Amino acid sequence: MNKRWYITCGIVFLSLFLYVGYRIYNHLKDIPSPSASTSMVSDIVSQNVIEITSSGFYPAVMTIKAGDSVTWVNKDNQVHQIDSNPHPIDNAYPPLNSIDLLQPGEYKTLTFPKTGNFGYHDFLHPKIQGIVVVK
């Protein structure tokens, strides 16, 4: 293959690498969120709990009533980041983006005031997905 092809591939790879780095950097900023509360697992008391482990969300589908809250608990030893679907745009239900980063042992809670099906994923591990069904 010629030198021009290698240079083109290098530029494409570098551009993709910079774009992904920029997206992750923007998600790692500490932005205060009035709609999600944070604490440590030892303080948690909730009926609607979704556990985050290395194998995914449990349960992957949570059904609640309008006005109920859901709490995501990071039981893994890695950081996870909850964002609305679709990845990487994260714009189907923006309040889910307020959950943002969860350190190991941390949890955050979000209230769902309206009915609907709200898909979400772990931005740092996009194959990990879940749905909150609000009736």
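Every read-out reported here was derived from the displayed coordinates using simple, explicitly stated rules and does not represent laboratory data. If you're wondering where the values come from, they're calculated on a predicted model, not measured in any experiment. With ideal geometry, Cβ positions are generated from the backbone for all residues, glycine too; neighbour counts draw on all protein chains shown.
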Once you put a point 7 Å from the Cα of residue 53 and another 7 Å from the Cα of residue 65, both along the Cβ direction, what distance in nm separates them?
3.0
For residue 75, go through the lysines and keep the ones whose alpha-carbon is under 17 Å away, minus same-chain ones fewer than eight residues off.
108
Non-local amide H neighbours of residue 68 (under 5 Å, H modeled in plane, Pro and chain starts lacking H): which ones?
112
Pop out the ³J(HN,Hα) list for the range 47-54 in order, Karplus 6.51 cos²θ - 1.76 cosθ + 1.60 with θ = phi - 60°, rounded to Hz; leave Gly and Pro as x.
8, 9, 10, 10, 8, 10, 10, 5
Around residue 130, under 12 Å between beta carbons, what's the net of Lys plus Arg minus Asp minus Glu among the other residues?
-2
For the range 33-134, what is the relative contact order in percent, using Cα pairs closer than 8 Å and at least 6 residues apart in sequence?
34
Compute the FRET efficiency between residue 114 and residue 77 as 1/(1 + (r/R0)^6), taking r as their Cβ-Cβ distance and R0 = 25 Å, and round to the nearest 0.05.
0.10
